[in-house]
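Beneath this line is the structure, given in structure tokens, with notes to follow.
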Amino acid sequence: MPEQITNIAGYQFSEIDDVNHVFETAQTICSKTHIKGNIFISPEGINLGLASTQNDIEYFLEKLDNLCGLNKLLLNTTYSDYIPFKRLLIKVRNELVPTKPLPSDHPSANIGSSETKPVLKYIDGIKKDAQYISNDELKKWLDEEKDITLLDMRNEFEVDLGSFENATHLNIRNFRDIIQLESKINELPKDKPLVTFCTGGIRCEKGANILAQNGFDQVFQLEGGIIKYIEKYKNTHWRGECFVFDDRVCLDSDLKPSDTKICRHCQIVIADTDNEYCDDCAHLA
């Protein structure tokens with residue numbers, strides 16, 4: 001029987017002075033394994049999604065513990081029957097989660113945004129102004145129907161696939177758009193707790209800290225994100241599926257791959273599971 005595959009997704013905002021050293025060391029560590037997936041390194045930390053055997057993953061994490069203090073990863077672990085990545089990509093980025101606006105001549109600049117220039121304060125990911133809220137505490141608040149704003153920080157197509165009951169979102173096509181949505185964000189009430197959430201925590205952490213710098217005093221982020229919540233509470237207050245950034249596409253409330261497939265280009269759900277593109281985007285294949 002094939003060995004079960006361990007999938008990890010995690011991040012840590014932590015200042016890295018020598019990103020090239022971390023890049024080269026990560027390459028060396030992974031070269032001694034059969035790990036596939038993505039590792040993004042920036043001056044503000046590390047973000048990764050990897051898959052392999054349990055032994056490979058344990059080896060990687062053990063070595064990472066000794067690498068530039070990156071031993072406090074906020075980590076989610078799931079399992080699958082296959083490696084849901086086709087290759088290993090290790091890349092240096094300026095930001096772990098891009099928020100700085102694209103140049104005006106970039107083909108994707110301002111897509112999905114009603115604004116044309118950044119209007120929110122920008123902060124780096126290392127500075128933390130929002131508080132974590134555990135999945136236990138959030139469930140308690142939702143059970144009690146506490147008056148909160150539950151804000152989905154993910155892209156619009158992810159929200160369409162599944163989200164928390166009564167959650168709101170910003171209709172963003174890309175997280176980068178958040179910095180341009182002052183008018184929409186100012187429609188959110190500032191006199192009650194605001195809880196941000198996303199798949200694994202990295203976008204809602206950065207988003208929560210941006211909101212905390214822009215007039216919201218009671219800002220929390222769901223620690224460990226959706227994956228950590230449904231790992232414990234399944235579909236309690238959660239409806240639908242959770243998009244993940246690998247070949248499994250979506251996970252159900254048991255954290256098992258569903259049958260849902262989406263177009264790789266436009267992100268609409270497609271019925272033809274043998275095709276990676278919808279009919280309109282098939283010419284891109």
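Does segment 207-230 contain any residue that is crowded, with 22+ Cβ neighbours inside 10 Å, closer than 29 Å to residue 258 by Cα and among the polar types (S, T, N, Q)? The answer is yes, given that some residue of segment 207-230 is crowded, with 22+ Cβ neighbours inside 10 Å, closer than 29 Å to residue 258 by Cα and among the polar types (S, T, N, Q).
Starting from residues that are in contact (Cβ under 8 Å) with a residue 12 or more places away in the chain and of a type in the set (Asp, Glu), keep the ones in segment 161-199 and report whichever is nearest to residue 227 (Cα to Cα). Step by step, filter segment 161-199, then rank; the result is 165. For segment 1-22, state whether one or more residues are assigned to a helix (DSSP H, G or I), surrounded by 15 or more Cβ atoms within 10 Å (Cβ to Cβ) and modelled with pLDDT under 95. Taking every residue of segment 1-22 in turn, at least one turns out to be assigned to a helix (DSSP H, G or I), surrounded by 15 or more Cβ atoms within 10 Å (Cβ to Cβ) and modelled with pLDDT under 95.
Name the residues in segment 239-269 that are at positive phi, assigned to a loop (DSSP other than H, G, I, E, B) and either surrounded by fewer than 15 Cβ atoms within 10 Å (Cβ to Cβ) or touching a Ser or Thr at 6+ places or on another chain (Cβ under 7 Å) (or both), would you?
249, 255
Among all residues of segment 226-238, there is none that is assigned to a strand (DSSP E or B), among the hydroxyl-bearing types (Ser, Thr, Tyr), within 28 Å of residue 13 (Cα to Cα) and in contact (Cβ under 8 Å) with a residue 40 or more places away in the chain. Restricting 202, 210 to residues that are under 17 Å from the mean Cα position of the chain (by Cα), over 19 Å from residue 39 (Cα atoms) and β-branched (Val, Ile, Thr) narrows the list to 210.
The values are calculated or read from the model by the stated rules, or taken from the named source; none is laboratory data. These figures come from a predicted structure and were not determined experimentally. Cβ coordinates were reconstructed from backbone atoms using ideal geometry, including for glycine residues, and neighbour counts include every protein chain displayed.
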